[in-house]
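Student: Encoded as structure tokens, here's the structure I'll be asking about.
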Amino acid sequence: MRKEAAIVSALVAVGALIVQAATAQMAPAAQRGMIFVQVNCGKCHATDRLSESPLPIAPPLRDLSRRFPAERLSYGLVNAMQAGHLNMPAFQLDPGQLDDVVAYLRTLGP
């Protein structure tokens with residue numbers, strides 16, 4: 001049992017280092033955007049490239065770049081966040097926050 005716990009701990013530590021390295025390579029705006037979506041969106045939406053959304057009906061944020069072309073991502077995001085829907089509260093982002101969130105979302109997908 002101790003051996004299994006040690007292996008799990010080592011895997012968690014390696015995973016944390018990988019995330020740290022990936023975050024360090026992001027632009028400051030994308031880092032701020034990542035923090036914003038993790039804090040404000042992560043309870044329902046997957047906020048990374050691989051995870052499933054905690055709330056099954058909430059689409060992963062990485063899919064937004066598939067729904068909206070890069071030049072319209074800001075517009076689509078603002079509309080979704082301001083309107084709110086079903087279980088999602090409405091959000092109001094200032095222009096800097098919007099730029100940060102879009103910078104992060106662009107790191108997630110094509």
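Just so you know, all these numbers are worked out from the coordinates, no wet-lab data involved. Predicted model, so just to flag it, every value in this text is computed and none were measured. Neighbour counts are summed over all protein chains in view; Cβ atoms, including those assigned to glycine, are modelled from backbone coordinates with ideal geometry.
Student: Report whether or not Ser65 is of a type in the set (Gly, Ala, Ser) and assigned to a helix (DSSP H, G or I). Give the derivation first.
Tutor: Details: of a type in the set (Gly, Ala, Ser): yes; assigned to a helix (DSSP H, G or I): yes.
Here the answer is yes, as Ser65 does meet what is asked.
Student: Report, by residue number, each residue of region 48-62 that is surrounded by 12 or more Cβ atoms within 10 Å (Cβ to Cβ), of a type in the set (A, V, I, L, M) and under 12 Å from the mean Cα position of the chain (by Cα).
Tutor: Leu61
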